[in-house]
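A short worksheet on the structure shown next.
The values are calculated or read from the model by the stated rules, or taken from the named source; none is laboratory data. Note that this is a predicted model, so its numbers are computed, not measured. Glycine also receives a Cβ, built like all others from the backbone with ideal geometry; neighbour counts cover every protein chain displayed. These area figures cover heavy atoms from the full protein model, side chains too; ligands, DNA and RNA do not enter into them. Shrake-Rupley method; radii C 1.70, N 1.55, O 1.52, S 1.80 Å.
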Amino acid sequence: SDVGSQKERVVTEEEWLQKWEMGNIGFHLEEGHPLFQKYLDVLLNGRSGLRIFFPLCGKAVEMKWLADMGHSVVGVEISEQAVKEFFSDHSLPYCEEPVHEISGAKMFQSTSGNISLYCCSIYDLSSSIVGKFDGVWDRGALVAVNPCDRQRYASLMINLVEKNSSYLLVTVSYDPNKYKGPPFYVPESEIKSLFG
Ligand code: SAH
């Protein structure tokens, strides 16, 4: 299929911030994503106390669920509004602190300590800042990344995961000539070449 029509498309950080300001967040699922429940066992694989990463996290409710199960959750999100809404939606007290390695970045952490949300661009993160993860929930993340940044995104994600990690990836399939995205259409063949 032809993804040529989406290859050049760029959504700026400013546009994402505006979506949050306007409440233009049709991607947010109040009840979580059905595939999360379906594949949760694959993500956890019977293990407890995992470190789970949520790239481009928005205010995904699955972060709360995993924390309630005893795992530790790290997310990254460019919109401070989204991060604050996450904590207020769940009535979770939090504190915020600067991230010294990244200028302008802040980290919001639940008082209980098991949810840490970095407010910055994902491209500013590295394993020396956030460590490595046992699991990833990638929904609305790879498909939200600008097509020109996919390679960079995938390389970073590969760097952020432990050897024995599970990576759940949700994509969408549709005719990219009929909708400009995001979410963008990422063909299976491209996913294979990005992640190997
Ligand atoms: N994964 C979430 C949100 C999907 S929408 C969910 O399932 O609901 C994509 C999110 O990525 C938006 O909230 C947007 O503000 C954020 N975002 C876009 N570019 C980003 C970047 N470079 N770094 C961090 N967050 C980004």
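Of note:
- Taking 14 Å as the straight-line reach from the Cα of K64, the aspartates and glutamates in range (excluding those fewer than 8 positions away in the same chain) are E30, E31, E85, D89.
- Volume per residue of the C-alpha convex hull in the chain, rounded to whole Å³: 122 Å³
- Loop-located GluC sites (Glu not before Pro) in segment 83-190 (DSSP state other than H, G, I, E, B) with a sparse environment of at most 13 neighbouring Cβ atoms within 10 Å: E101.
- Computed over segment 101-196: relative contact order in percent, which uses C-alpha pairs under 8 Å that are six or more apart: 26 percent
- Converting phi to 3J(HN,Hα) with the Karplus coefficients 6.51, -1.76 and 1.60 and the offset θ = phi - 60°, segment 70-84 yields x, 8, 10, 10, 10, x, 9, 8, 6, 8, 5, 4, 4, 4, 5 Hz in sequence order, with x at every glycine or proline.
- Taking amide H positions as modeled 1.01 Å from N, with prolines and chain starts lacking one, the residues under 5 Å from Y167 and 5 or more places away or on another chain are V136.
- Amide proton proximity set for A105, modelled H, under 5 Å, gap of 5+: V99
- In range of the label at S193: residues from segment 138-179 whose backbone nitrogen is under 16 Å from the point 7 Å along Cα→Cβ: 147-155
- Euclidean distance of C-alpha centroids, segment 66-129 and segment 177-191, integer Å: 28 Å
- Between S173 and S48, the contour length at 0.36 nm per residue exceeds the Cα-Cα span by 41.7 nm.
- When the chain is treated as a GNM with alpha-carbon contacts under 10 Å, the residue of S48, S166, S72 showing the greatest mean-square fluctuation is S48.
- Across the chain, the longest run free of exposed loop sites, meaning trypsin sites (Lys or Arg not before Pro) lying outside DSSP classes H, G, I, E and B with no more than 13 other Cβ atoms within 10 Å, spans 48-131.
- Qualifying lysines (Cα of each under 23 Å from Cα of K59; at least 8 residues distant if same chain): K19, K38, K84, K106, K132
- Among H90, H71, H33, the largest mean-square fluctuation in a Gaussian network model of the chain, built with springs joining Cα atoms closer than 10 Å, belongs to H90.
- Relative contact order for segment 34-195: 21 percent, from Cα pairs under 8 Å spaced at least 6 residues apart, divided by residue count.
- Karplus-based coupling profile of segment 144-152, in residue order and whole Hz: 9, 5, 4, x, 5, 9, 4, 4, 4, with θ = phi - 60° in 6.51 cos²θ - 1.76 cosθ + 1.60 and x standing for Gly or Pro.
- For the set D89, D68, solvent exposure ranked by accessible area (probe 1.4 Å, protein chains only) runs largest to smallest as D68, D89.
- Percent carbon-and-sulfur accessible area, the chain, ignoring ligands, DNA and RNA, probe 1.4 Å: 49 percent
- Probing with 1.4 Å while keeping every protein chain in the model, the per residue accessible area of the chain equals 51 Å².
- The string of couplings for segment 48-62 from the Karplus curve (6.51, -1.76, 1.60, θ = phi - 60°) is 10, x, 7, 9, 10, 9, 10, x, 6, 6, x, 10, 3, 5, 4 Hz, one whole number per residue in order, with x for Gly and Pro.
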